[in-house]
Ligand SMILES: [Zn+2]
Ligand SMILES: [Zn+2]
């Protein structure tokens, strides 16, 4: 882990040589959400962009997508939303891909949707990057913690647990304290927002206050993208469930 020394992390913060550290720093400095969730969403968008610009006709890429018949439901809708939000992208690439998926479906109508979902290539891709970012957060903890403390970003519940479970006790306590202070700030902002409404105060409501409830949701639930990668893992590993699902679809 961080070879960073036994004493106070205030004085001897080693520079982190991990490339992904720069991504983490950028995410922490530019968002009020969980930096790992934000980076995961970026990974998804990059995947869609590369797919549509360069890989629509690549047989191996297409084969990977075909395994899940066009991603899990979440990523299929993310894909559709991504195209809708990107004026420079038309529906041609998506038409080529999903025409292929539809033809596969016509040839095999009774595939178990749950099993298809569990094979979503993008869920696996997201999970791999999630593990890298958590690893770098932990490996570069002294440096990351300083940036985290001075930023508006707040780790979500899931990623806080993933990170703290790999930290030594001292750093776990340190990170927990910083994190708890951030949560208390969120409580204050939300209470302030409510108070200003209740008392018809003339005090202006700040953007931070009006967005606080949204940030609470992000903190407690993280981004859907990261939750999906967990569901994916769960679905891959619960054989019992698989058997049950199979029996539902077999008549
Ligand atoms: Zn997160
Ligand atoms: Zn997926």
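Only the coordinates and a few stated rules stand behind these numbers; no lab work does. Remember, predicted model here, so these are calculated numbers, not experimental data. FYI the Cβ positions are ideal-geometry reconstructions off the backbone, even for glycines, and counts take in every protein chain you see.
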Subtracting the Cα-Cα distance of residue 188 and residue 62 from 0.36 nm times their residue separation yields 40.4 nm
Convex hull over the alpha-carbon atoms of the stretch 119-175: what's its volume per residue in Å³?
-> 88
For the stretch 31-240, calculate the relative contact order in percent as a whole number, restricting contacts to Cα pairs under 8 Å that are 6 or more residues apart.
-> 34
Please report the base-10 log of the normalised intensity I(q)/I(0) for the stretch 113-230, using a Debye sum with one equal scatterer per alpha carbon and no solvent, at each q in 0.09, 0.12, 0.21, 0.22 (1/Å).
-> -0.34, -0.57, -1.15, -1.21
Euclidean distance between Cα centres, the stretch 139-213 to the stretch 16-50, Å = 18
So what's the projected area for the stretch 31-240, the Cα convex hull averaged over all directions, in nm²?
-> 15.8
How long is the gain from residue 102 to residue 85 if the chain were fully straight, where each residue apart is worth 0.36 nm and the alpha carbon distance is subtracted?
-> 3.7 nm
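Find the all-direction average of the projected area of the Cα convex hull for the stretch 38-144, expressing the result in square nanometres with one decimal place.
Across all orientations, the stretch 38-144 yields a mean hull projection of 7.8 nm².
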R0 = 22 Å: FRET efficiency of residue 46 with residue 224, Cβ-based, nearest 0.05?
-> 0.80
How far, in nm, would the chain grow between residue 111 and residue 53 when pulled straight, counting 0.36 nm per residue and subtracting the alpha carbon separation?
-> 17.9 nm
Over all directions, what mean area does the Cα convex hull of the stretch 156-225 project, stated in square nanometres?
-> 5.4
